Amino acid sequence: MENQVKILREKMNMTQNELAERSGLSLRTVQRVEAGNILKGFTLKALAQALNIQPEDLIITPKQETDIQRAKKINLSALAGLIIPYGGIIFPAVLTYQTKDLKNRELGKSIICIQIIISVIFSILMIISPFIQKLLSLKFPFFIIPLITFLGLKLFIIIKNGISLNKTSNLSIKLKTNFI
């Protein structure tokens, strides 16, 4: 487990000495923290201020760092959209915004974005399907085609992302940028 202080310090292109000066701590204290000493009290606040972040963002347990169980639950909750209209958006959104872990929250946002796009496309197809049926003079109910396609696509995405979360702790089907 790499130290959060070291990661942030290196992102800001600072040396340990520069961080010590900026935080008002000794170089030895910064070295101890990066070596794995537990952060608390004044040291925590001073380092957080020097790194321009909230103190709670520096406290990461090993479980938070690697645990994506919440993202798996968010992904599975999208199945509610098969039964409840827009449940594939509502339930993942509730779980995502109750999540404090940043990695799981970002994964949740990606899942929600995909579900929103699928639901919008499905809704449009369901609205225009009676017109297509009338235009083509079809005898069978045309809405069944987008309905089955929607169900299959939704299941495929949820299963594929679930497998990917288990193997790589990331989503295989996601948008390049999240719009939420």
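The values are calculated or read from the model by the stated rules, or taken from the named source; none is laboratory data. The shown structure was predicted, so the numbers you read here are calculated from the model rather than taken from an experiment. Reconstructed Cβ throughout: ideal geometry from the backbone, glycine too, with neighbour counts over all protein chains shown. Heads up: the accessible areas ignore ligands, DNA and RNA and are worked out on the full protein's heavy atoms, side chains in. Shrake-Rupley method; radii C 1.70, N 1.55, O 1.52, S 1.80 Å.
See the values below:
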| item | result |
| --- | --- |
| Index of the failed condition, I124 passing every other in (1) in a helix (DSSP H, G or I); (2) open to solvent by less than 80 Å² (accessible area, probe 1.4 Å) | (2) |
| All positions within the range 155-180 that are hydroxyl-bearing (S, T, Y) and either touching a helix residue (DSSP H, G or I) at 6+ places or on another chain (Cβ under 7 Å) or exposed (fewer than 12 other Cβ atoms within 10 Å of the Cβ) (or both) | T168, S172, T177 |
| Matching residues in the range 92-115 - criterion: being open to solvent by less than 80 Å² (accessible area, probe 1.4 Å) and either more than 16 Å from I157 (Cα to Cα) or free of Cβ contacts under 8 Å to residues at least 60 places away in the same chain (or both) | P92, A93, V94, L95, T96, T99, D101, N104, R105, G108, Q115 |
| Matching residues in the range 9-27 - criterion: being open to solvent by less than 30 Å² (accessible area, probe 1.4 Å), part of a helix (DSSP H, G or I) and among the hydrophobic types (A, V, I, L, M, F, W, C) | L19, A20 |
| Pick from the range 142-180, criterion in a loop (DSSP other than H, G, I, E, B) and among the hydroxyl-bearing types (S, T, Y), ranking: modelled with the lowest pLDDT | T177 |
| Residue within the range 80-91 that is part of a helix (DSSP H, G or I), open to solvent by 60 Å² or more (accessible area, probe 1.4 Å) and hydroxyl-bearing (S, T, Y) present | no |
| Within the range 28-59, tally of residues that are of a type in the set (S, T, N, Q) and either assigned to a helix (DSSP H, G or I) or open to solvent by less than 40 Å² (accessible area, probe 1.4 Å) (or both) | 4 |
